[in-house]
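Enquirer: Please see the structure below; I have some questions.
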């Protein structure tokens, strides 16, 4: 069974606020346009480690977040004494 290319806008609808491992991603500069969904999870480390076994048939892979990273970003201030 051959996997299908999925546009990134559809990936964002299918897996909102999740990290997605994509095989043979289509990119424009640093923007992900889509790819073959290999694995997804809310946990980025899980995608990296468990998804690694699913990448052997692909020449390129990438991990993308299907949500708004700015919304979840936390800024900390280090105060030196």
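Enquirer: Of the conditions (1) at pLDDT 95 or above; (2) loosely packed, with under 11 Cβ neighbours inside 10 Å, residue 76 satisfies every one except a single condition; which number is it?
Expert: Evaluating residue 76 over (1) at pLDDT 95 or above; (2) loosely packed, with under 11 Cβ neighbours inside 10 Å leaves (1) as the failure.
Enquirer: Working only within segment 18-32, note down all residues that are surrounded by 13 or more Cβ atoms within 10 Å (Cβ to Cβ) and either without any contact (Cβ under 8 Å) to a residue 24 or more places away in the chain or closer than 16 Å to residue 65 by Cβ (or both).
Expert: Taking segment 18-32 as the starting set, the residues that turn out to be surrounded by 13 or more Cβ atoms within 10 Å (Cβ to Cβ) are 18-27, 32.
18, 19, 20, 21, 22, 25, 26, 27, 32, listed by residue number.
Enquirer: Give me the pairs: first residue in segment 37-61 and closer than 19 Å to residue 8 by Cβ, second residue in a helix (DSSP H, G or I), beta-carbon distance under 6 Å, and six or more apart or on different chains, which are they?
Expert: Final answer for the pair search is 38/51; 38/54; 39/47; 39/51; 39/54; 41/47.
The values are calculated or read from the model by the stated rules, or taken from the named source; none is laboratory data. As the structure is a prediction and not an experimental result, all values here were calculated from the model. No Cβ is skipped: glycine too gets one built from the backbone with ideal geometry, and neighbour counts run over all protein chains shown.
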